[in-house]
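Take a look at the structure below.
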Amino acid sequence: MRRFKWPLQRLLDITANREEALRRELFELSRRIAAVRREILRRRAVLRHLLSELAVQQIHRRIADQEVFMRCAEPEERLIGQFNEQLGAAERQRADKTAELMKTRSSRKTLERLREEARQNHMREQFKLEQKQFDETAHLTFARDASAARRRDDQ
């Protein structure tokens, strides 16, 4: 039996490798998004904690400390805003990568389906060739036996 060789196998391999690379990139983006979210939450928690400490102070001391807190919190809020921008950009990038991954996955599945159909066709053709060889062998054997039988009858 002839070995099955599909002409698009290389394309299927490259598509599968690309899909795997996109999965890794998507995983890395998700990790980066999680890290940025954790940093935003950590910074907000620090601000909330400082604000809650301020709330328990006596009023005359709290007013002075609150003014200092507000001046110091402003750059921190700007930094949190920058982190939010990074987060939004990373989430958009992740959405793009996800769409690209879905397209690549669909392409891979289509190629795999086409490969399986080609393999099935190959197997059917090989079976037909084998059957044809068996039939020819049977016909030759029958003709040989019939010829031998006629020669014996003629003697």
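The values are calculated or read from the model by the stated rules, or taken from the named source; none is laboratory data. Please read these numbers as outputs of a predicted model, since none were measured by experiment. Heads up, the Cβs are rebuilt from the backbone with ideal geometry, glycines too, and the neighbour counts pull from every protein chain shown.
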Taking Q66 as the residue in question, decide whether it is out of contact with any Ser or Thr (no Cβ under 6 Å at 6 or more places or on another chain) and surrounded by 13 or more Cβ atoms within 10 Å (Cβ to Cβ). yes
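To keep it simple, each residue is scored yes or no on (1) in a helix (DSSP H, G or I); (2) surrounded by fewer than 15 Cβ atoms within 10 Å (Cβ to Cβ); (3) of a type in the set (G, A, S).
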residue	(1), (2), (3)
K5	no, yes, no
R10	yes, yes, no
I14	yes, yes, no
N17	yes, yes, no
R31	yes, yes, no
A34	yes, yes, yes
R43	yes, no, no
E53	yes, yes, no
R61	yes, yes, no
Take T110 and tell me if it is at pLDDT 95 or above, out of contact with any Ser or Thr (no Cβ under 8 Å at 6 or more places or on another chain) and among the polar types (S, T, N, Q). yes
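Each row is one residue, and each column tells you yes or no for (1) of a type in the set (G, A, S); (2) surrounded by 11 or more Cβ atoms within 10 Å (Cβ to Cβ).
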| position | (1), (2) |
| --- | --- |
| N84 | no, yes |
| A89 | yes, yes |
| R124 | no, no |
| T137 | no, no |
| F142 | no, no |
| D145 | no, no |
| R152 | no, no |
Starting from segment 112-137, keep only residues that are without any contact (Cβ under 8 Å) to a residue 60 or more places away in the chain and more than 27 Å from A16 (Cα to Cα), then list their pairs with residues that are among the acidic types (D, E) and part of a helix (DSSP H, G or I) whose Cβ atoms are within a distance under 6 Å, requiring at least 6 positions of separation or different chains. none
Please tell me if T104 is of a type in the set (V, I, T) and in contact with a Ser or Thr (Cβ under 7 Å, 6 or more places away or on another chain). yes
